[in-house]
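Asker: For reference, the structure I am asking about is given below.
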Amino acid sequence: MKILAFEKEVPGVAEDRFTTELLRTEAARAWELQQSGVLRELYFTADTHEAVLVLECATAQEARTHLNSLPLVKAGLIDFEVHPLVPYDGFERLFAR
């Protein structure tokens, strides 16, 4: 199942808590998830520079478990909204009788 995860800001977190070392550790964990096939795509939004991830997991809870393994989430600096996706079925309307 494809899962879309949108980073959401944690109120009150100071920018100086995002240290170079913590961000490096975050990138390393994202790389591990990508190499394992869980993390399929990773982007930042152009306007707010918040992460948007596409994961491949059996369930939304499994995706949440993987997201919770990210160092920035563990440190309470960011969180994610998790949205399971299903295939678009609207094309069948073109062929309905």
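Asker: If we keep just the residues of segment 69-97 that are of a type in the set (A, V, I, L, M, F, W, C) and within 16 Å of ALA14 (Cα to Cα), which is surrounded by the fewest Cβ atoms within 10 Å (Cβ to Cβ)?
Answerer: ALA75
Asker: Restricting attention to segment 24-50, which residues are touching an Asp or Glu at 6+ places or on another chain (Cβ under 8 Å) and either surrounded by fewer than 17 Cβ atoms within 10 Å (Cβ to Cβ) or over 21 Å from VAL86 (Cα atoms) (or both)?
Answerer: GLY37, ARG40, PHE44, GLU50
Asker: For segment 1-23, give me each residue that is exposed (fewer than 14 other Cβ atoms within 10 Å of the Cβ) and in contact with a Phe, Trp or Tyr (Cβ under 8 Å, 6 or more places away or on another chain).
Answerer: Once the filter is applied, which keeps residues that are exposed (fewer than 14 other Cβ atoms within 10 Å of the Cβ) and in contact with a Phe, Trp or Tyr (Cβ under 8 Å, 6 or more places away or on another chain), segment 1-23 yields only LYS8.
Asker: In the list LEU55, LEU42, which residue meets the criterion of being without any contact (Cβ under 8 Å) to a residue 40 or more places away in the chain, touching a helix residue (DSSP H, G or I) at 6+ places or on another chain (Cβ under 8 Å) and not in a helix (DSSP H, G or I)?
Answerer: Step by step, each of LEU55, LEU42 is checked, and only LEU42 is without any contact (Cβ under 8 Å) to a residue 40 or more places away in the chain, touching a helix residue (DSSP H, G or I) at 6+ places or on another chain (Cβ under 8 Å) and not in a helix (DSSP H, G or I).
Asker: Quick check on segment 38-67: of everything there that is among the hydroxyl-bearing types (Ser, Thr, Tyr) and over 10 Å from the mean Cα position of the chain (by Cα), which residue is farthest from GLU26 (Cα to Cα)?
Answerer: The selected residue is THR59.
FYI, it's all coordinate maths here, none of it is from the lab. All values derive from a computational prediction rather than experimental measurement. Quick reminder, even Gly has a Cβ in these numbers, built from the backbone with ideal geometry, and neighbours come from all protein chains shown.
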